[in-house]
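The values are calculated or read from the model by the stated rules, or taken from the named source; none is laboratory data. Quick caveat: nothing in here was measured; it's all calculated off a predicted structure. We place every Cβ from the backbone using ideal geometry, glycine too, and count neighbours over all the protein chains shown.
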Amino acid sequence: MGAYGIVALKSRPTSANIGKLMMVCKSFVQHFDPSRESPYRIDDQMITIWPLDDPNADEAKRDDCDFVLNHYVLGAASTAMAYSARQHAVFDGEGPFLIGWSPADSAGKPDKLVLVVDMSASNDQISIDHDFDFWKNKIVQDPASWRSGFSLERIRQSIRDFVDHYGTDIVRDIKMAGLN
């Protein structure tokens, strides 16, 4: 594949995080088709995975969020975060995190750029959807942003474009939620 991404969780569902993780799962399912359904060659794809212990289970194939949350492979997330930490990424928040590498084999290589979207502050469906909108529209569907490895300048421009497009909505949503 051209580039590789993962939804990295710090834990499976608990009574404290089940609501947020369910929103994250539902947004992931709504934002991405299985890679086998992509019209693009595999080397033109940035595949973002939700690691499962049994991806062939019927529930997994139906994108049953109860199943995929309870069968999430924490070891894959821990490995992704450890590789990213070698590349100077920090995971202080509760997450989850969207982590990506390009080329796909650059994970853990200190001289390569890793992209991390920290979703710790996204606590409602709209914010989580915005995070996935950014990941899908500005990263996954824009091979120029990753084909030769991530470019810090291209990523900065993508973030500026995202804020320009969604910034007003995000501020409005924060005010409506009473978080200001």
Exercise. May I ask you to list the residues in segment 101-117 that are touching a strand residue (DSSP E or B) at 6+ places or on another chain (Cβ under 7 Å) and either modelled with pLDDT of 95 or more or part of a loop (DSSP other than H, G, I, E, B) (or both)?
Key: SER102, PRO103, ALA107, LYS112, LEU113
Exercise. Output the residue which, of all residues in segment 84-100 that are out of contact with any helix residue (DSSP H, G or I) (no Cβ under 8 Å at 6 or more places or on another chain) and surrounded by 19 or more Cβ atoms within 10 Å (Cβ to Cβ), is modelled with the highest pLDDT.
Key: GLY95
Quiz prompt | Residue among ASP33, ASP54, ASP66, ASP43 that is surrounded by fewer than 14 Cβ atoms within 10 Å (Cβ to Cβ) and within 15 Å of the chain's Cα centre (by Cα) | solution = ASP33
Quiz item: Which residues, counting only those in segment 24-62, are of a type in the set (D, E, K, R) and farther than 22 Å from ALA3 by Cβ?
Solution: LYS26, ASP53, ASP54, ASP58, GLU59, LYS61, ARG62
Practice problem: May I ask you to say which residue of ARG36, ARG62 is charged (D, E, K, R) and at pLDDT 90 or above? | Solution: ARG62
